[in-house]
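Asker: Sending over a structure as structure tokens; questions will come in a sec.
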Amino acid sequence: MAEVKSLRPVKREPAAIAIAAQLTQAIMDGTLPPGHQLGEADLAAQLGVSRGPLREAMQRLVQQGIAVSEPHRGVFVTKLDEDDVRDIYFARSAMEAAACRLVLRQDPQRTADRLAKPHRAMATAARRGNMAQLGAADMELHQTLVRESGSRRLARIAETLFVETRMCLSALTHRHPDPQAMVEEHAALIEVLRAENEPLLLTLLEAHMQDAVDRL
């Protein structure tokens with residue numbers, strides 16, 4: 001068989017990236033809560049990694065803003081207060097509004113179809129009363145919307161904002177919203193996107209974000 005010259009050996013994912021991903025997931029689901037110190041010795045032992053890539057992974061979290069480095073003390077998971085919640089959702093509102101405008105200028109029907117899958121997952125989770133799955137499906141829907149915009153820069157901005165959103169939901173929510181209301185809110189967003197009604201879509205999106213801030 002002839003050798004395919006255009007293919008290159010597959011490179012393994014750098015350890016620091018894999019470690020950062022695992023730490024990020026633990027922060028999002030509350031396993032590593034706000035204010036928790038990310039101790040090198042403990043984490044290296046738990047993850048079975050050396051301290052070099054662990055330090056690099058922790059630095060990535062600091063650069064993203066989901067961890068803070070305090071001189072002579074160490075690295076800690078970022079604490080979020082009410083002002084942080086407002087700021088996160090203000091930024092999300094602007095970012096997702098930009099994504100909506102780009103989607104409407106491309107193929108809104110395709111995007112609406114792709115949003116339907118995570119929306120069905122939301123509906124299933126709501127019926128079962130599984131708030132963890134509902135939250136995950138909610139995030140997947142909004143991530144899909146941003147990906148559909150085709151903007152790499154919006155996608156980079158969204159990466160940190162969605163992590164911070166999950167931190168808000170796991171750390172600051174004392175009561176869950178009405179699951180069915182969440183499903184209906186997102187159904188309305190998809191319906192208006194499909195109708196290509198930009199003013200109403202942006203109005204509903206802003207109201208959706210403000211409602212989340214009020215609940216939190």
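Asker: Could you order peptides 149-158, 39-48, 15-24 by the average number of other Cβ atoms within 10 Å of their residues, highest first?
Answerer: Going by the mean number of other Cβ atoms within 10 Å, highest first, we get 15-24, 149-158, 39-48.
Asker: Any chance you could check the Cα centroid distance between the stretch 110-125 and the stretch 33-65 for me, in angstrom?
Answerer: 35
Asker: Please give the FRET efficiency for Arg127 paired with Asp211, using the beta carbon to beta carbon distance and R0 = 30 Å, rounded to the nearest 0.05.
Answerer: The computed FRET efficiency comes out at 0.90.
Asker: Quick one: Karplus J couplings for the stretch 103-108, per residue in order, coefficients 6.51, -1.76, 1.60, θ = phi - 60°, nearest Hz, x for Gly and Pro?
Answerer: Listing the rounded values in order: 4, 5, 8, 10, 9, x Hz.
Asker: For the stretch 142-216, what relative contact order do you get, as a whole percent, if you take Cα pairs closer than 8 Å and at least 6 residues apart?
Answerer: The value is 30 percent.
Asker: Report the rotationally averaged projected area of the stretch 76-133 based on its alpha-carbon convex hull, in square nanometres.
Answerer: So the Cα hull casts an average projection of 6.0 nm².
Asker: To continue, here is another question. Leaving ligands, DNA and RNA out of it, report the carbon-plus-sulfur percent of the accessible area of the chain at a 1.4 Å probe.
Answerer: Roughly 51 percent of what the probe reaches on the chain is carbon or sulfur.
Asker: Separate question: Using 1/(1 + (r/R0)^6) with R0 = 22 angstrom and r between the beta carbons of Gln143 and Thr203, what's the FRET efficiency to the nearest 0.05?
Answerer: 0.50
Asker: Give me the one-decimal nm value for the distance between modelled label points at Arg73 and Arg194, 7 Å along each residue's Cα-to-Cβ direction.
Answerer: Roughly 5.1 nm, to one decimal.
Asker: Something else now. Place the peptides 52-64, 120-132 in order of packing, highest mean first, counting for every residue the other Cβ atoms within 10 Å and averaging per peptide.
Answerer: 52-64, 120-132
Asker: If you don't mind, there's one more thing I want to ask. In deg cm²/dmol, rounded to 500, what helix-only [θ] at 222 nm does the chain give when every DSSP H run of at least 4 residues adds -39500 (n - 2.57) and the total is split over its residues?
Answerer: It lands at -24000 deg cm²/dmol.
Asker: Now for a different question. Kindly report the accessible area of the chain per residue (heavy atoms of protein chains, probe 1.4 Å, no ligands, DNA or RNA), in Å².
Answerer: Averaged over the residues of the chain, the accessible area is 59 Å².
Asker: Oh, and also: Kindly give Rg over Rh for the stretch 115-216, based on alpha-carbon atoms, with the Kirkwood expression for the hydrodynamic radius.
Answerer: Answer for the stretch 115-216: 0.94.
Asker: Relative to the first principal axis of the alpha-carbon coordinates of the chain, what is the inclination of helix 131-149, with its axis defined by its Cα atoms, in degrees from 0 to 90 and to the nearest 10?
Answerer: Rounded to the nearest ten degrees, it is 80.
Asker: What is the Rg over Rh value, at two decimals, for the chain, using alpha-carbon atoms and the Kirkwood definition of Rh?
Answerer: Answer for the chain: 1.03.
Asker: Next question, about the same structure. For helix 198-215, what angle does its Cα long axis make with the longest principal axis of the chain, in degrees from 0 to 90 and rounded to 10?
Answerer: 50
Asker: Given H placed on each backbone N at 1.01 Å, which residues far from Ala67 in sequence or on other chains put an amide H within less than 5 Å of it?
Answerer: Result for Ala67 returns Val62, Thr78.
Asker: Quick one: what does P(r) look like for the stretch 26-100 with 10 Å bins over all Cα pairs, in whole %?
Answerer: Cα pair-distance distribution for the stretch 26-100, in percent: 17, 43, 25, 14, 1.
The values are calculated or read from the model by the stated rules, or taken from the named source; none is laboratory data. None of these values were measured; they are calculated from a predicted model. Glycine gets a Cβ as well: all are built from the backbone with ideal geometry, and neighbour counts include every protein chain shown. Side chains included, ligands, DNA and RNA excluded: accessible areas come from the protein's heavy atoms. Shrake-Rupley method; radii C 1.70, N 1.55, O 1.52, S 1.80 Å.
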